[in-house]
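The values are calculated or read from the model by the stated rules, or taken from the named source; none is laboratory data. None of the values given here were measured: they were computed from a predicted structure. Every residue, glycine as well, gets a Cβ built from its backbone with ideal geometry; the counts of neighbours run over all protein chains shown. To get the accessible areas, we keep the full protein, side chains included, count just its heavy atoms, and leave off ligands, DNA and RNA. Shrake-Rupley method; radii C 1.70, N 1.55, O 1.52, S 1.80 Å.
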Amino acid sequence: MREEVVAARRIVVKVGSSSLTTAAGGLDADRVDALVDVVAAVHGESRQIVLVSSGAIAAGLAPLGLDRRPRDLARQQAAASVGQGLLVARYTASFARYRRRVGQVLLTSDDTSRRAHYRNAYRTLDQLLAMGAVPIVNENDTVATDEIRFGDNDRLAALVAHLVRADLLVLLSDVDGLYDGDPATPGTSRIAEVSGPADLAGVSIGSAGRAGVGTGGMVTKVEAARIAAAAGVPVVLTSASRAADALLGRPTGTFFHRTGRRARGRLLWLAHASAPRGALVLDDGAVRAVVERRSSLLPAGISAVEGEFTAGDPVELRDGTGRAVARGLVNFDAKEVPRLIGRSTRDLARELGPGYEREVVHRDDLVVLTH
């Protein structure tokens, strides 16, 4: 038995589109019920489950007469709009068999890199769990643009596991674990445990599955497992058909041991889920202050500004060679920054007012990307 799994009290379970839908599009009620049977058996007084579920776009294909997942964003959003309602209705009906309520939580990366939105997302999920409900989390595909998309629900699940302070992340797909090659090729074998990056050296990792209704694949699952493990959350990667064994701690699938400690608040989201809207170029002294001393970025350390952004947007902090060294939430609009460049906050406050005597990026809103 895997002791960390058995001891886990708050668990995030992610299930992919291929495990819930048919290849032609549309929900498979039997598959949904089978998953709910497993989750409902675990979710109770001593254990809480947050379900990160793909399937909205896939569920909307058949009702809209689409024979495959569309490539353009507008039709994906239309399919998600139809499919999300069907998906939650199916979960609601299935969990009702166990007298369990569900709550829908739709997120975009923009919701979770900003301080107030991050707190609100946590409070909602935590309250749903406290009231005995099962949160059903998905990306808000109906409104998310390319700039604020997570890109896949595997990464979303890793970030949600951190957000809700989970003890375990379980990634379910149509493959029963990570293999050292193509699982369909004779001679390949399942990797039972991963303790760190060295265990994956030389391993060939495949992309999206054959069903064609999802966006991920083993690459995104391994990346999600890496993010979660580095943030102090162990991960089990296995097939949906073996979900019960995974949650009971039996040695199924691939177990990723935690490789780091839990990161601070929303900084994990800032590092992995935010799309920079612009960039600030730093002089050498500011680079050292931000990277080595973890200091806030002051106007005096900026040498150039790039892109169009508004206060509160994520921006890259780059050194003189153009290399991104950090990412942070900026306190000024892009059009304001040029007149701040190279100047002290004291001078700016004297000339422009007390509102300018502050950091361009506060250290609490900043994550370093290099070591």
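A few comments on the model shown:
- Test for residue 57: is it surrounded by fewer than 24 Cβ atoms within 10 Å (Cβ to Cβ), of a type outside the set (D, E, K, R) and either in a helix (DSSP H, G or I) or in contact (Cβ under 8 Å) with a residue 24 or more places away in the chain (or both): no
- Within the stretch 280-301, residues that are on the phi > 0 side of the Ramachandran plot sit with their Cβ atoms under 9 Å from residues that are not in a loop (DSSP other than H, G, I, E, B), at 6+ positions apart or across chains, in these pairs: 294/363; 294/366; 294/368.
- Lone unmet requirement of (1) on the phi > 0 side of the Ramachandran plot; (2) open to solvent by 10 Å² or more (accessible area, probe 1.4 Å); (3) of a type outside the set (D, E, K, R) for residue 253: (2)
- Test: residue 91 is touching a Lys or Arg at 6+ places or on another chain (Cβ under 7 Å) and either under 27 Å from residue 272 (Cβ atoms) or open to solvent by 60 Å² or more (accessible area, probe 1.4 Å) (or both): no
- The residues in the stretch 76-104 that are of a type in the set (S, T, N, Q) and in contact with a Pro (Cβ under 6 Å, 6 or more places away or on another chain) can be counted, and the count is 1.
- Failed criterion for residue 92 (all others in (1) under 22 Å from the mean Cα position of the chain (by Cα); (2) modelled with pLDDT of 95 or more; (3) among the polar types (S, T, N, Q) hold): (1)
- The residue of the stretch 282-312 that is farthest from residue 322 (Cα to Cα), among those that are open to solvent by 30 Å² or more (accessible area, probe 1.4 Å) and assigned to a helix (DSSP H, G or I), is 300.
- Of all residues in the stretch 65-84, those that are among the aliphatic types (A, V, I, L, M) have Cβ atoms under 6 Å from Cβ atoms of residues that are part of a helix (DSSP H, G or I) and surrounded by 18 or more Cβ atoms within 10 Å (Cβ to Cβ), 6 or more apart or on another chain, in 79/57; 79/60; 79/61; 80/56; 80/57; 82/60.
- Listed by first and then second residue, the pairs with beta-carbon distance under 8 Å, at least 6 apart or on different chains, first residue in the stretch 334-362 and under 19 Å from residue 290 (Cβ atoms) and open to solvent by 40 Å² or more (accessible area, probe 1.4 Å), second in a helix (DSSP H, G or I) and not small (Gly, Ala, Ser), are 341/299; 342/299; 343/299; 344/299; 358/345; 359/345.
- Complete set of residues in the stretch 258-281 that are open to solvent by 50 Å² or more (accessible area, probe 1.4 Å) and either among the polar types (S, T, N, Q) or at pLDDT 90 or above (or both): 258, 259
- Only residues that are within 18 Å of residue 16 (Cα to Cα) and part of a loop (DSSP other than H, G, I, E, B) were counted across the stretch 60-93, and they come to 3.
- Qualifying residue in the stretch 265-274 (condition: touching an Asp or Glu at 6+ places or on another chain (Cβ under 6 Å) and in contact (Cβ under 8 Å) with a residue 12 or more places away in the chain): no
- A count restricted to the stretch 1-32 and to residues that are open to solvent by less than 30 Å² (accessible area, probe 1.4 Å) and either among the hydroxyl-bearing types (Ser, Thr, Tyr) or assigned to a helix (DSSP H, G or I) (or both) stands at 5.
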